[in-house]
Amino acid sequence: MKLSINLLLFMLLFIAAKQSSAQTDIDAIMMEKNAFCVGPGYAYSSWKEYWEGTKKRENLNLGTVSTQMFAIMGNYGVSNKLNVLFNVPYVVTKASAGTLRGQQGMQDLSLMLKYRAINKKIYSSRVALIGLLGGSLPMSNYTADLLPLSIGLQSKTAMARLMLDYYYDNKWFATASATYVYRSNVTLDRDSYYSDRFILSNEVDMPNATSYNIRAGYRTQWLIAEAVLNNWTTRGGFDITQNNMPFISNRMNATSLGANVKYVFRNKPQLSLTGGASQVIAGRNMGQSFNVNGAVFYVFDLNRKEKKNKQDTN
């Protein structure tokens, strides 16, 4: 049976929800000091055709493979320059044909530190340099060895990202970022496996990965509309072999194009809605997935609470 994979790790999984919401690890927007932005998000991804290595095909034993993600995402402003972000996802997978059963459960907790090192105004433009450090940790003992219907890869990750943002006339922007992702080895519930050779062990050496992201568009206090180009490349691994299932250490590459929108309510600026869609346009050992997502966010101003406590104390 020939299968493929629909997991871009927490970086694309975030699935697409993280790409659409504001004040996240992939955009150049920062929360103010003592502001806490939090809300639920939903993402849906599906594919029917996929790349087995570089060969594009489909599998009637799978039909359409879909993934849903329900998440709680948040961002706290430690200062105007330093933010702490988190993401807690619950993932559900399903195949429309065949006998393989979908999986569901808590996936990987993601934590991130986001620091704006430079924020310099140059005439009518502003340039910002932002660095990020973070990682992810499995929250449940889900099965990774059941691709393409596993909800995750059971690998602990650590990442570093550098981001450059250019903002012109308080309206137009372009942001470019580069990310390196370290992935820990994974332990299987079996004593041997086959990658590009037979290995008598239950430990899988996971290849690391890089990601590049470019986004540009219109950005104001009340509205953000952007186009996004994202590339994910596994630094190693091997192709899905003919007549075999995919494996967690496969080479998984994907390039996607998308668009996102954020709207802030003028009569209630603490409340915002986000939404977006993206399409994988090129890949290797990946499903050619179409993704849609949406989220609702509310910003709590904890400065008000501090001021009120000081007044009460006085």
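A short reminder: the numbers here are calculations on the coordinates, not readings from a lab. Values in this document were obtained by computation on a predicted structure and should not be read as measured data. Every residue, glycine among them, receives a Cβ derived from its backbone with ideal geometry; neighbour counts consider all protein chains shown.
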Query raised in the report: What ³J(HN,Hα) values, in whole Hz, does the Karplus curve 6.51 cos²θ - 1.76 cosθ + 1.60 give for the stretch 261-276 when θ = phi - 60°, with x put for Gly and Pro?
Result: 9, 10, 10, 10, 6, 5, 7, 8, x, 6, 9, 9, 10, 10, x, x
**Report entry** Most mobile of 97, 144, 254 in a GNM of the chain (Cα contacts under 10 Å)
**Finding:** 97
Query - Cβ-based net charge around residue 209, under 15 Å, with every Lys or Arg adding one and every Asp or Glu removing one - result: +4
Query raised in the report: By average Cβ neighbour count within 10 Å, what is the ranking of 287-296, 103-112 from highest down?
Result: 287-296, 103-112
Requested in this report: Using only Cα atoms, find the angle between the long axis of helix 9-20 and the longest principal axis of the chain, and express it within 0 to 90 degrees, rounded to the nearest 10.
Outcome: 40 degrees
Query raised in the report: Arranged by the count of other C-beta atoms within 10 angstrom, fewest first, what order do 123, 263 take?
Result: 123, 263
Report task. Kindly express, to the nearest 10 degrees and within the range 0 to 90, the angle between helix 302-313's C-alpha long axis and the longest C-alpha principal axis of the chain. Result -> 50 degrees
Report summary line: With the dipole of the chain defined by +1 on each Lys or Arg Cβ and -1 on each Asp or Glu Cβ, the option from 273, 34, 89 whose Cα lies farthest towards the positive pole is 34
Report summary line: Given the candidates 163, 240, 229, the one whose Cα lies deepest towards the positive end of the charge dipole of the stretch 9-313, counting +1 at each Lys or Arg C-beta and -1 at each Asp or Glu C-beta, is 163
Query - Sorted peptide list for 179-191, 26-38, criterion being average Cβ within 10 angstrom, highest first - result: 26-38, 179-191
Report task. Return the sequence-ordered ³J(HN,Hα) values of the stretch 241-247 in whole Hz as given by the Karplus equation 6.51 cos²θ - 1.76 cosθ + 1.60 applied to θ = phi - 60°, using x for Gly and Pro. Result -> 7, 4, 6, 10, 6, x, 10
**Report entry** the chain - mean residue ellipticity at 222 nm from DSSP helices (-39,500 (n - 2.57) per run, n ≥ 4, rounded to 500)
**Finding:** -2500 deg cm²/dmol
Report summary line: Burial-style ranking of 197-207, 221-231, average other-beta-carbon count within 10 Å with highest first, yields 221-231, 197-207
Query raised in the report: For residue 172, which sequence-distant residues (separation of 5 or more, or a different chain) have an amide H within less than 5 Å of its own amide H, given hydrogens modelled in the peptide plane?
Result: 219
Requested in this report: At 7 Å along the Cα-to-beta-carbon direction for both residue 271 and residue 80, put a label point, then send me their distance in nm to one decimal.
Outcome: 2.9 nm
